[in-house]
Amino acid sequence: CNSSKAKIAKGTYVGTGTQGSTNPNTLTFDFVPKFIYIIGRGGYKYSGLERNVQTLLVNNSTNANSFGFGAILAPSSSGSCYQAGLTVSWNDTEKTVSWYVNSGKGDDISKTMQLNFANITYHYIAVG
């Protein structure tokens, strides 16, 4: 087995409807991911429209600069969108990643940007 080969995992999870530092999302893998891309329906409706929400989580554990970013994509014809930084924690020993958002924009928007709106299925792909 050559450990230098890329590893890929894909899956889904269903949002619980919680957000913030006391309710982080967590995913566990069989390997240490270098990045994870997550996408799902937003849940939060703007002008009656529900749009996709997505994020990219990047693990740069060699210099402790891991980060994540989330955005609700263009819910209006003007191209406006909400953006929020995610607080991301990687545990390379346990092969987990956790994240949360405290956007201050209200619970439904925060749950959407954390990719944790209740009963929404989110899809992810992880590469290590």
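The values are calculated or read from the model by the stated rules, or taken from the named source; none is laboratory data. Everything quoted here is computed from the prediction, not taken from an experiment. Backbone-built Cβ (ideal geometry, glycine too); neighbour counts: all protein chains shown. What goes into the accessible areas is simple: the full protein's heavy atoms, side chains included, and nothing from ligands, DNA or RNA. Shrake-Rupley method; radii C 1.70, N 1.55, O 1.52, S 1.80 Å.
Within segment 98-128, the set of residues being small (Gly, Ala, Ser) and at pLDDT below 90 comprises SER103, GLY104, GLY106, SER110.
Mind listing whichever residues of segment 74-97 are part of a loop (DSSP other than H, G, I, E, B) and modelled with pLDDT under 80? Across segment 74-97, the qualifying residues are ALA74, PRO75, SER76, SER77, SER78, GLY79, SER80, CYS81. Taking the conditions exactly as written (part of a strand (DSSP E or B), in contact with a Pro (Cβ under 6 Å, 6 or more places away or on another chain), more than 17 Å from GLY85 (Cα to Cα) and modelled with pLDDT of 65 or more), does ARG41 satisfy them or not? So ARG41 does not fit the description; no. Just so you know, in segment 13-34 the residues that are among the hydrophobic types (A, V, I, L, M, F, W, C) and closer than 12 Å to THR96 by Cα include one that is most open to solvent (accessible area, probe 1.4 Å), and it is VAL32.
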